[in-house]
1. Once amide H atoms are built 1.01 Å from N in the peptide plane, which residues 5 or more positions from LYS2, or in another chain, come under 5 Å H to H?
2. Can you check what the Kirkwood hydrodynamic radius comes to for region 139-200, Cα pairs only, in Å to one decimal?
3. So what's the projected area for region 73-192, the Cα convex hull averaged over all directions, in nm²?
4. Helix-only estimate, please: 222 nm mean residue ellipticity of the chain, summing -39500 (n - 2.57) across DSSP H runs of length 4 or more and dividing by its residues, to the nearest 500.
5. Determine, from the Cβ-Cβ distance of LYS2 and THR110 and an R0 of 41 Å, the FRET efficiency 1/(1 + (r/R0)^6), rounded to the nearest 0.05.
6. Among DSSP beta bridges whose residues both lie in the chain, state the antiparallel percentage, nearest 5.
7. If the viscosity is 0.890 mPa s and the temperature 25 °C, what Stokes-Einstein diffusion coefficient in µm²/s follows for region 31-106 when Rh is the Kirkwood radius over Cα pairs?
8. What percent does the relative contact order of the chain come to when contacts are Cα pairs within less than 8 Å and at least six residues apart?
Amino acid sequence: MKKILIIGATGNVGQAVRRNLLDQTDDFLTLFSRSSGQKFSNNDREKAISGDVNDLSALEKVVKGQDEVFVALSGNLPEMAKNIVQAMDDENVKRLVFITSMGIYNEVPTEVSASGNLKNNPRLEPYRKAADVIESSDLDYTLIRPGWFDNGSSEYEITYKGQFVSGNRVAVASIADLATRLLKDDQLDVRESIAINRKA
């Protein structure tokens, strides 16, 4: 049994990963978000802690003793990423699976989306900066770069940094499936950046 921290546990992706891990593993989950205490009822497989990822001291307390950390957040991602890396380094926790965004490496072909890349869409800049923070760390990270979330078909494909993608939409269930696979196998795609989209 592993101990897994989910940061951003109340979001769509965080909730989907939580359900997968409860259904498919015997892992113990710590659910951390601004409103975790109100959203989840504790049982023998999980505990919910309300807190702010911008509070390094609070973050270090929940990171301590974990085997893996999963992160699905919005907001000031570069600063959040810095705090997460710092807390994990301080508590000697190595495995991180972090959701960022497709397009941060300009990997979306024009025929798929003319505005889907950082060079045309400055809103992707925080996602790129957060990825840069994590990639420059010594953590055993995997970055997941999803396209637009929806609830469509859960068939998906992945591509690696440096490869073009074939689509820019993906089901929340698909993102959760990939994240769950990465958390179940802590040697899978270590120090990789993976785009995920629905098969074209």
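1. Those qualifying (amide H under 5 Å, at least 5 residues apart or on another chain) are ASP27, PHE28.
2. 11.7 Å
3. 7.3 nm²
4. It lands at -9500 deg cm²/dmol.
5. Once the sixth-power term is evaluated, E becomes 0.45.
6. 15 percent
7. In µm²/s, the coefficient is 184.
8. It comes to 20 percent, rounded to a whole number.
The values are calculated or read from the model by the stated rules, or taken from the named source; none is laboratory data. This is a predicted model, so every value here is computed, not measured. A quick note on method: Cβ atoms are made from the backbone with ideal geometry, for glycine too, and the neighbour counts reach across all protein chains shown. Accessible surface is based on the protein model in full, side chains and every heavy atom, while ligands, DNA and RNA are left aside. Shrake-Rupley method; radii C 1.70, N 1.55, O 1.52, S 1.80 Å.
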